[in-house]
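Have a look at the structure below before the remarks.
The values are calculated or read from the model by the stated rules, or taken from the named source; none is laboratory data. Model, not experiment: these values are computed from the prediction. Cβ sites come from the backbone with ideal geometry, for glycine too, and all protein chains shown count toward neighbours. To get the accessible areas, we keep the full protein, side chains included, count just its heavy atoms, and leave off ligands, DNA and RNA. Shrake-Rupley method; radii C 1.70, N 1.55, O 1.52, S 1.80 Å.
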Amino acid sequence: MKFGTSLMTLFGFCMLGSIFFTTAWAKTHHHTFIVKETPCTRLCHTKNILTVNGQFPGPTIYARKGDTVIVKVINQGKKNITLHWHGVDQLRNPWTDGPEHITQCPIQPGANFTQQIRLIHEEGTLWWHAHSDFDLATVHGPLIIYPKQGTMYPFNKPHKEFTLILGEWWNKDVNTVLDEALQSGGEVEPSDANTINGQPGNFLPCSKNDTVKVHVEQGKSYLLRLINAALSNEFFFNIANHHLTVVGTDGSYTKPYATDLVFISPGQTMDVLIKANKFQNSSSPSRYYIAARPYIGNTQLSYNANMTTAILEYETNYTNISAPPLLSSLPAINDTDTVDIFTGGLRSLADKNHPIDVPETINEHMYIVTSLNIILCRNNSCKGPLGGRFAGSLNNVSFETPQINILHAYYYSIPGVYTTDFPDYPSHYFNFTEYIPTDLYVTKKATKVKMLKYNTTVEIVFQGTNIGPENHPMHLHGQSFYVVGRGSGNFDKKKDPLTYNLVDPPRENTVAVPKNGWATIRFRAVNPGVWYMHCHVDRHVSWGMNMVFITKNGKSADAKMLPPPNDMPPC
Ligand code: C2O
Ligand code: CU
């Protein structure tokens, strides 16, 4: 397998750095990630952004299932940072998982930390990103995991592959945007552009010349690795006149799923096959827009609904080059039906070589209401609803991020950092999906975790509410889960379980909990450690829509947490 320079043209480097790829498939891959400020221009605005190795998006990590990746992270920036390997189980090794103040203290300016990523179960497309403040806006990149040596894809080998990362760009410094919102208590300013591989595309100011181009040959098939690294936006995505076949999501294979569009939430990845078969003769158009535009369930609030584009370009002598690329329309911005139809069609591959293991008996039942809230301010002086400050909660607990990280406190038995009473159920039941009385909006901050015995089976029904504009893409660290059901309205514990798919539910690490609906996941807790669970909308994380699971050690030696590496960043 070889990755040529054509891949490099896909990424809009802010400063040309050397792209990381390994040519020999060693079992252990070593990388150095230098986090630093790099000048970058988009939409006619130049600012310093935080990058890895001067690249935006960051370098791609290539490995095979079973390999180990060692990344030495060197912080040459001016702020604290952490890095996370999104979708990697990190079996028995929460130490290098990355979420700030959950499993580690941040890497301070001038310091470094070597992170170990063992790829045991994952295969397909995952990604890595910063897990501190809003740094992930520019500090992210693909993590591509090929089948084990000697095994193959469960589909015909594509001619080539390419990776597209959906993201968001602010003209302002992203952490200034976050700080301003946290200070005022009000809403976070929406981004100025949506992007594909860091580029806004043809329809936004000063962007056209840098639009990402993907070159294809007539008659060949391609594997698209699609990643949603946006801080807020869920996207509809399509390629004009081209059919798509989803074959994987979140690092697990799916049954081939033919579709004209993909819906993808922040945190999720999709592996998609594309047949380049539209350039049949010299009069066919040779260029087609690759386009993404947000889905927003409630369009009353301010948001960035811009379409971002790249171009699929057939290799030819470009007789039609003057003609604009073709564009296929995308669903309306609030087209929830299309979201539900697309999402409902995903199934695990679940074949002989890719067996699944959906828990059938459940030891721990949880019903978790994912909500936006307010915290009251003195004299109603904040900029959120009712003069309060925006908050987010799970079962009405708004997570307070501790100063001492939870993994450290757990491992060394330091008292007073967290309590173990995260509620399995909400304290009040009401109609979550209609108008919610304001007294029920109010929440409080606390640092609560849920303890799990080793090998316990867990079912979580996430209940979305009517508050706020969007779905909540709930993401779990430390293990993937099966999404066994998803529906609208309040979860009905008699009827809705009858609709569960226990045969071939998709295996994901992030599930879009519908606004005004519910989603059910199941997993087996066989990874001892401290595992963050949070909404992948970054501002909801900063408002407290998060919690922590602690899975205890099992009895056997291989069911225990590994000891910490000796270079854990000090606080
Ligand atoms: Cu992709 Cu906790 O993150
Ligand atoms: Cu959310």
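One residue is enough: does region 127-148 have a residue meeting the conditions open to solvent by 70 Å² or more (accessible area, probe 1.4 Å) and touching a Gly at 6+ places or on another chain (Cβ under 8 Å)?
First, pick out the residues of region 127-148 that are open to solvent by 70 Å² or more (accessible area, probe 1.4 Å): 133, 148.
In the following step, the residues that additionally are touching a Gly at 6+ places or on another chain (Cβ under 8 Å) were identified as 148.
Checked region 127-148: at least one residue is open to solvent by 70 Å² or more (accessible area, probe 1.4 Å) and touching a Gly at 6+ places or on another chain (Cβ under 8 Å).
Out of the strands (runs of 3 or more DSSP E) lying entirely within region 466-571, which hold 3 or more residues that are closer than 26 Å to residue 79 by Cα?
529-535, 546-551
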For this session: Give region 522-571 a look and list any residue that's crowded, with 24+ Cβ neighbours inside 10 Å, of a type in the set (Val, Ile, Thr) and away from ligand 2 (no atom under 16 Å from the Cβ), or say none.
Result: 530, 548, 551
Exercise. What is the one condition in (1) in a strand (DSSP E or B); (2) under 20 Å from residue 480 (Cβ atoms); (3) among the charged types (D, E, K, R) that residue 148 does not satisfy?
Worked result: (1)
Exercise. Within the bounds of region 365-383, is there any residue that is in contact with a Gly (Cβ under 8 Å, 6 or more places away or on another chain), of a type in the set (Ser, Thr, Tyr) and more than 16 Å from ligand 1 (Cβ to nearest atom)?
Worked result: yes
Seminar exercise, completed: Exactly one of 449, 442 is within 16 Å of ligand 1 (Cβ to nearest atom) and among the aliphatic types (A, V, I, L, M), and that residue is 449
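Filter region 456-465 for residues that are β-branched (Val, Ile, Thr), within 16 Å of ligand 2 (Cβ to nearest atom) and in a strand (DSSP E or B) and give the result. Talk me through it step by step, then tell me what you get.
Taking region 456-465 as the starting set, the residues that turn out to be β-branched (Val, Ile, Thr) are 456-458, 460-461, 465.
Cutting the leftovers down to within 16 Å of ligand 2 (Cβ to nearest atom) gives us 460, 465.
Answer for region 456-465, where residues must be β-branched (Val, Ile, Thr), within 16 Å of ligand 2 (Cβ to nearest atom) and in a strand (DSSP E or B): just 460.
Can residue 435 be described as more than 16 Å from ligand 2 (Cβ to nearest atom) and either closer than 12 Å to residue 371 by Cα or aromatic (Phe, Trp, Tyr) (or both)?
On the way: more than 16 Å from ligand 2 (Cβ to nearest atom): yes; either closer than 12 Å to residue 371 by Cα or aromatic (Phe, Trp, Tyr) (or both): yes.
Answer is yes for this residue.
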